[in-house]
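Worksheet for the structure shown next.
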Amino acid sequence: MAKLQRPKREAVSGSRTATAASTNKTSHGLLGPGLILAALAFLLFSNTLSHGWALDDYSVIKDNYLTQQGTKGISTLLKTEYRYGYWNSPGSLYRPLSLVMFAIEWQLFPDDPWIGHFMNVALYSASAMLLFFVLARLLKNTNAAIPFCITALFIAHPTHVEVVANIKSRDEILALLFSFSALLFFVKYADSKKTSSLLAALISYLLAMFSKENAITFLAVFPLAIYFFRENSLSDNLKSSALMIIPALIFLAVRQKVLNGQSSTELISHLDNAILQDGIPKLAGALAMMFYYFKALIFPLTMVSDMGYNAVPLSGWSDPKTLLMLLLNIALLAMAYQGLRKKDPVAFGILLFYITFSISSNIFLTIGTSYGERLLYAASLGFSFAFVFALYKFVKTADLNDNLFSFLGKSSAFTAIIAIFFLFFAVKTYTRNPAWKDSYTLYETDVETSSNGAKINYHYGLELTKKGRDAADASNKKMYLEKAIRHFEKALSISPGYHDVYGEMGLAYMYLGDNNKAMENFRTSVEQTPDAKVYSNMGMIYFQQNNIQEAQRVYEKAIQIDNRYVDGYRNLGSALAMQGKFAEAIPQFKKAIEFRPNEAILYYFLGSAYRDSGDSETGQQYLNKAYQLDPKLKK
């Protein structure tokens, strides 16, 4: 089989091939293919536009009191940890840009997931076009069909479903979108030395860093891209690349200041990151999990949203998966090293994969999860790049002088293989999207795939409990709640010390009307780890038993544990009001309103407390506010 000779790397004017290839890559010539790719990207995820909230959307948007403040919450979002508006626990993440967008969207379209899904799909579509332009510029001596095929495989990859279908993963989309923009302007600067291009690259990269921390890996991509695809001197390349450190340093300084304001540091549980379980060497566990990453990357037959403890067995260095991945990684890196000296584009793709996956791999840093398909988002570009160029080298193709579509038409074997992979990826992506309709659908789907995972059984139990709580039919209610308890018990059989499970199983028993078992599970939960929500749920049972003083006691415990726990303040206020302690109840309702300023029932309780205390005028003002927010409260 004939091998296509690589074009020379002389300046465009010094090579007939380069001149011909560049002629096909004018802005006008690239616009059509770019629009096609953007349209394909949009169509692939068009069936997510009607989806609801799912998974992390709740902690970042739906149940985040800062996001729900709209534009008023932006100043606090910029100076606090990523999930500050959801929990009163320390965190290690600082990604303000996507949060600011969510706050603006909530301001314009409150509690409407459609706008979030639309923005994700639209930004992903824009990323497809931008990536094509970046690759066409970078590979200016190569036929435009090559960047077109790389981009096509990238946008269709099924591991991107979690990125686009989960609104929260806007951080991933923005980080890579702005990294693409930074790379485009950086290459332009390398070609022209125009200060305007450098400034645009610096601004773009700063935005990428404020989108998600893993954008820092592009610090290695910038010089690598110039080394492989330009003839700039090494000193010039390194000097230019060093300037890109400036945005990263600005971000790291801001991040350090924000996170240093926390009273403690975030703890990572083995339930989230399975390689932290006892008896598993970290490196061996990370290599074993890479087996599943490679499987999802190359053969994405089965997709799953969670692979925490103990979804897949890890056995350290005796694990065949660990040894296989050790050998595979050594072989790929050796191949990349050999190709580095020859400036082989396949080697660039391999290195691009390892660079962008380095943080997520758990090899160099320990992150909050051992597996997440979204973590392959940037890395999948390296895979697509290496795959297409390997095919380009070893399968007979048409002359470089042909335009994009003529090249694809004449290169039948090359085009057929690309088309097969694209169609396989596209079909898998489109059919996986419906699983992300909402949290219940996602966990119901994925618990079959990851049946031995403690967290996925726990979260499916949560969703079943909600279904049971809201069911109008008594038989359906019983069915959902009993099924929830079975999955909670499965989670405990996998991880007996999982205290969150006891708290939620107690809630399921409470909805079933078995308060004794409910209280037994609540007590087991708080004995292991005091939890504000569990104490608050204990208070609900005390309320039912008309033991108001005991209810007040556990509600006070709840807000001592979490001084931003709205339900705790609301319930404590209710307990105090029922005892006629209106002067004490009023501050509790006001505190709850600080965190949920648009929740009608809080204004109703506050207004009622003022009214019952004898201040009818103030009470009516708050009651009117409640009726304005929810007219159904006016009886």
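A compact table of results
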quantity: Spans of helices (runs of 4 or more DSSP H) in the stretch 130-200 with at least 1 residues among the hydrophobic types (A, V, I, L, M, F, W, C) and without any contact (Cβ under 8 Å) to a residue 40 or more places away in the chain; calculated: 170-192
quantity: Selection count where residues are surrounded by 15 or more Cβ atoms within 10 Å (Cβ to Cβ) and assigned to a helix (DSSP H, G or I), scope the stretch 449-485; calculated: 25
quantity: Per-region count, the stretch 562-578, residues in contact (Cβ under 8 Å) with a residue 60 or more places away in the chain and assigned to a helix (DSSP H, G or I); calculated: 1
quantity: Selection count, the stretch 535-549, where residues are assigned to a helix (DSSP H, G or I), within 10 Å of A575 (Cα to Cα) and polar (S, T, N, Q); calculated: 1
quantity: Residue among I586, I601 that is surrounded by fewer than 16 Cβ atoms within 10 Å (Cβ to Cβ) and at pLDDT 90 or above; calculated: I601
quantity: Yes/no for D446 being acidic (D, E), buried (at least 20 other Cβ atoms within 10 Å of the Cβ) and touching a residue at least 40 places away in the same chain (Cβ under 8 Å); calculated: yes
quantity: Selection within the stretch 486-499 - surrounded by fewer than 23 Cβ atoms within 10 Å (Cβ to Cβ) and assigned to a helix (DSSP H, G or I); calculated: R486, E489, K490, L492, S493, I494, H499
quantity: Failed item in (1) closer than 26 Å to A215 by Cα; (2) in contact (Cβ under 8 Å) with a residue 60 or more places away in the chain, with P113 passing the rest; calculated: (1)
quantity: The stretch 426-444, residues that are in contact with a Phe, Trp or Tyr (Cβ under 9 Å, 6 or more places away or on another chain) and either farther than 24 Å from I155 by Cα or part of a helix (DSSP H, G or I) (or both); calculated: T429, Y430, N433, S439, Y440, L442, Y443, E444
quantity: Residues being assigned to a helix (DSSP H, G or I), among the acidic types (D, E) and either farther than 25 Å from Q560 by Cβ or in contact with a strand residue (DSSP E or B) (Cβ under 8 Å, 6 or more places away or on another chain) (or both) - total across the stretch 579-635; calculated: 2
quantity: From Q262, Q277, residue being touching a His at 6+ places or on another chain (Cβ under 6 Å) and either under 16 Å from Y309 (Cα atoms) or modelled with pLDDT under 90 (or both); calculated: Q277
quantity: Options Y227, Y189; residue that is of a type in the set (S, T, Y), in contact with a Leu (Cβ under 7 Å, 6 or more places away or on another chain) and either surrounded by fewer than 17 Cβ atoms within 10 Å (Cβ to Cβ) or farther than 23 Å from Y377 by Cβ (or both); calculated: Y189
quantity: Residue pairs meeting the criteria (Cβ under 6 Å; at least 6 apart or on separate chains; first more than 17 Å from Y480 (Cβ to Cβ), in the stretch 500-512; second among the polar types (S, T, N, Q)); calculated: Y502/N521; Y502/T524; Y502/S525; G503/S525
quantity: Number of the condition not met by I36 [criteria: (1) at pLDDT 95 or above; (2) in a loop (DSSP other than H, G, I, E, B); (3) more than 16 Å from the chain's Cα centre (by Cα)]; calculated: (2)
quantity: In the stretch 364-399, the residues that are crowded, with 18+ Cβ neighbours inside 10 Å and more than 30 Å from the chain's Cα centre (by Cα); calculated: L391, Y392, V395, T397, A398
quantity: Matching entry among A592, A532, A551 (being on the phi < 0 side of the Ramachandran plot and in contact with a Ser or Thr (Cβ under 9 Å, 6 or more places away or on another chain)); calculated: A551
quantity: Test: residue in the stretch 521-537 that is under 30 Å from R486 (Cα atoms), in contact (Cβ under 8 Å) with a residue 40 or more places away in the chain, among the charged types (D, E, K, R) and buried (at least 19 other Cβ atoms within 10 Å of the Cβ); calculated: no
quantity: Filter result (surrounded by fewer than 24 Cβ atoms within 10 Å (Cβ to Cβ) and either under 16 Å from A136 (Cα atoms) or of a type in the set (G, A, S) (or both)) within the stretch 157-176; calculated: none
quantity: Selection from the stretch 500-514 of residues that are closer than 21 Å to G308 by Cα and either in a loop (DSSP other than H, G, I, E, B) or aromatic (F, W, Y) (or both); calculated: Y502
quantity: Qualifying positions in the stretch 51-66 - at negative phi, in a loop (DSSP other than H, G, I, E, B) and touching a residue at least 40 places away in the same chain (Cβ under 8 Å); calculated: H51, G52, W53, A54, D56, Y65
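The values are calculated or read from the model by the stated rules, or taken from the named source; none is laboratory data. Quick caveat: nothing in here was measured; it's all calculated off a predicted structure. Don't worry about glycine lacking a Cβ; one is built from the backbone with ideal geometry, like all the others, and counts go over all protein chains shown.
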